[in-house]
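Throughout, read-outs are computed from the coordinates displayed, never taken from laboratory work. Only a predicted model underlies this, so the values are computations on that prediction, with no experimental measurement involved. Reconstructed Cβ throughout: ideal geometry from the backbone, glycine too, with neighbour counts over all protein chains shown.
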Amino acid sequence: MAIIELRGIKRHYVVGEIVIKAIRGVDLDVEQGEFLAIMGPSGSGKSTLMNTLGCLDKPTAGSYILDGLETSTATPDEFADIRNDKIGFVFQGFNLLSRTSALENVELPLFYDRSGSKLNPRKRAEAALEEVGLGNRLDHMPNQLSGGQQQRVAIARAMVKDPAFILADEPTGNLDTEMTLEIMSLFQDLNDRGKTVVMVTHEPEVAAYTRRIISMRDGEVVSDRVVTDRRRAADDLAAWRKAHSFLAGEEHSA
């Protein structure tokens, strides 16, 4: 079943007398349970495509059906509801409220739920934090958490309303190697359990953990391939920690 169906998507911007064609007719299907990476150089259109997928911007032309709903004909309120109910966002900068606990950060999307389904938000937020391995950090503030833990809170917040898919924008861009591997291992675990993930990244080594990669250039999809030699982030993380534990031991003995 296709969660995302794009047909002839175009996005043009007018700057003075110049028309910038950021997206030039993209067709794309994303099936339920996929883990897709979107790649491309600066100016390729990948960020504009991400904004379209996230219902942050409407296309100039074309059709975008998200989980069975046509977004291009939605009213502004309907468009906002689709964005809030169907998509879980994870950003490079975490976007956590600094004076709010991990639990309260995860609860936040539930307070903007206009569907009437606010059933025990605390319990749902606790379950989401348990799922990302932070069940023992509920009352911690963001400044009491590592960068990787803060991103885990952001992922829990993205999942708390059980969206149709998670949209991650350079989710490891602010993380070191160990934390990057932790987060990619978490995304792989979530995907293995059926969660659909779409990730924008400029790093080929990060895209290697996904199941499918599309590459963009000049507003068009220029390649679409299945990752046949997919890496397992948990294995790479274990190898990294083993190597660095050995090096730390060598330094200590010296």
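Find the centroid of the Cα atoms in the range 1-74 and in the range 156-170, then give the distance between the two in whole Å.
One Cα centre to the other: 18 Å.
For the range 159-245, give me the percentage of DSSP beta bridges that are antiparallel, rounded to the nearest 5 percent.
60 percent
Would the range 62-160 count as rounded, prolate or oblate if I go by the C-alpha gyration tensor, calling it rounded below 1.5 in a/c and otherwise prolate when a/b exceeds b/c, oblate otherwise?
prolate
Would you work out if the range 153-254 is rounded, prolate or oblate? Take a ≥ b ≥ c from the square roots of the eigenvalues of the alpha-carbon gyration tensor; rounded if a/c is under 1.5, else prolate when a/b is larger than b/c, oblate otherwise.
prolate
Treat every Asp and Glu Cβ in the chain as -1 and every Lys and Arg Cβ as +1, leave all other atoms uncharged, and give the resulting dipole magnitude about the Cα centre to the nearest 20 debye.
280 debye
Among DSSP bridges having both ends in the chain, what percentage is antiparallel? Round to the nearest 5.
Approximately 60 percent, going by the DSSP bridge assignments.
Using R₀ = 30 Å, calculate the FRET efficiency as 1/(1 + (r/R₀)^6) where r is the Cβ-Cβ separation of Val227 and Arg24; round to 0.05.
0.70
Among the listed pairs Lys46/Lys161; Lys46/Lys123; Lys86/Lys242, give every one whose C-alpha distance is greater than 31 Å.
Over 31 Å apart, Cα to Cα: Lys46/Lys123; Lys86/Lys242.
Considering the values [x] 32, 21, 16; [y] 32, 24, 16; [z] 37, 18, 15, which represents semi-axes √(5λ) of the Cα gyration tensor in Å as calculated for the structure under consideration?
The calculated read-out lines up with [y].
In debye, nearest 20, what is the charge dipole magnitude of the range 73-200 about its Cα centre with +1 on Lys and Arg Cβ and -1 on Asp and Glu Cβ, if you could check?
320 debye
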